[in-house]
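Accompanying notes for the structure given below.
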Amino acid sequence: MARTAEAVAEAVAGQDRPPGVLLVQADLKDPLPLAAASFDRVLCHNVLEVLPDHDALVAESMRVLRPGGRLVLAHSDFDTLIFASEDLELTRRLVRAYCDTQQPWMDAVDGTIGRRLAEIAGRAGLQVTDVQAQVVLGRRYLPGEIGWGYARNLADTLLGAGRADEAELDRWMAGLQRLDDRGAFLFSVNDYAVICGRMPR
């Protein structure tokens, strides 16, 4: 929570914020501190997974939408994480464990939620007008690259949760580095977006 508060404070103090942008810190398990029918567009990206009640946030998103507004529910599906690896079985086990591990900052975990966004929207009474998918791809295992960041987060998460051994994680990451050294590293994850509107009356 301290990290989140610091991030909000930094954003508020930032000079690059466009005029008219309002930053609000809120607990998303509670009603949004925003007026009803006050937005034309709402984007919810990589949030639903960590909430115990997906439907409540979607309902709140609908509440703040103006008539004719659009809601975009978007999420990575972490069960689709792909790492080119020297040890396929170990990689599959690590990815599955990472997908299912609730990290300390999460109130819940649902790493496969990306594939169920349309169902969640339909359950809320929204009309799904489009479903899109994008493959996020990385070809290097270097600091600052997306594949490196995901691999490090996976390792830290599983080690902290006691769901993987430090030696096997070190061996796995050393293998990723060897693949990168010979130009064979590849990382990808699928991101899904569901564009929704209110059902016609």
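Yes or no: Gln127 modelled with pLDDT under 95 and either closer than 20 Å to Tyr192 by Cβ or part of a helix (DSSP H, G or I) (or both)? Yes: the conditions hold for Gln127. Restricting attention to region 20-68, the residues that are touching a residue at least 60 places away in the same chain (Cβ under 8 Å) and over 25 Å from Pro104 (Cα atoms) add up to 5. Restricted to region 82-109, and to residues there that are at pLDDT 95 or above and within 12 Å of the chain's Cα centre (by Cα), the residue that is farthest from Glu145 (Cα to Cα) is Val109. Restricting the search to region 143-154, which residues are surrounded by 13 or more Cβ atoms within 10 Å (Cβ to Cβ) and either touching a residue at least 40 places away in the same chain (Cβ under 8 Å) or more than 19 Å from Trp105 (Cα to Cα) (or both)? Across region 143-154, the qualifying residues are Glu145, Ile146, Gly147, Trp148, Tyr150, Ala151, Leu154. Restricted to region 33-59, and to residues there that are farther than 16 Å from Gly197 by Cα and loosely packed, with under 12 Cβ neighbours inside 10 Å, the residue that is farthest from the chain's Cα centre (by Cα) is Ala35.
The values are calculated or read from the model by the stated rules, or taken from the named source; none is laboratory data. Computed from a predicted model, the values in this text were never measured in an experiment. For neighbour counting, all protein chains shown are included, and Cβ atoms are generated from backbone atoms with ideal geometry for every residue, glycine included.
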